[in-house]
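Comments concern the structure below.
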Amino acid sequence: MITAEMRELHRSITTLRHHIVGLRAHYGDTDAVRRMANDLDRLEIDLHDFEHSPPKPVKVKAKEQVIYVPDSKSDESAWLGAQDEGLGFHSRERTK
């Protein structure tokens, strides 16, 4: 199964290979040119492996419901007796 994305990757690899041949002709067989050619070979191998045993597609989660939290002052009685863990000053009297 070859998708449009995979066809585009094959086209891009062919184009890059053409440019690397041009670099090799202009600069010779330098370390940098060999590394780029090696990286391109590895990319082509990875694409081949991906095409022949693709991973399972990721399921896209449905958009989660947004819960609106108003900026208005909340009911302070909801917090009476709650511990202020991690806020520091937990042993002092609560200020209003």
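Results, tabulated for the structure shown:
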| item | result |
| --- | --- |
| Members of the stretch 36-68 that are under 21 Å from the mean Cα position of the chain (by Cα) and aliphatic (A, V, I, L, M) | LEU43, LEU47, VAL58, VAL60, ALA62 |
| Tally, over the stretch 1-42, of residues that are part of a loop (DSSP other than H, G, I, E, B), closer than 30 Å to PRO55 by Cβ and open to solvent by less than 80 Å² (accessible area, probe 1.4 Å) | 1 |
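The values are calculated or read from the model by the stated rules, or taken from the named source; none is laboratory data. As the structure is a computational prediction, the values presented were derived from the model and not from experiment. Please note: Cβ atoms are built from the backbone with ideal geometry, for glycine as well, and neighbour counts cover all protein chains shown. Side chains are part of the model used for accessible areas, which takes the heavy atoms of the whole protein and leaves out ligands, DNA and RNA. Shrake-Rupley method; radii C 1.70, N 1.55, O 1.52, S 1.80 Å.
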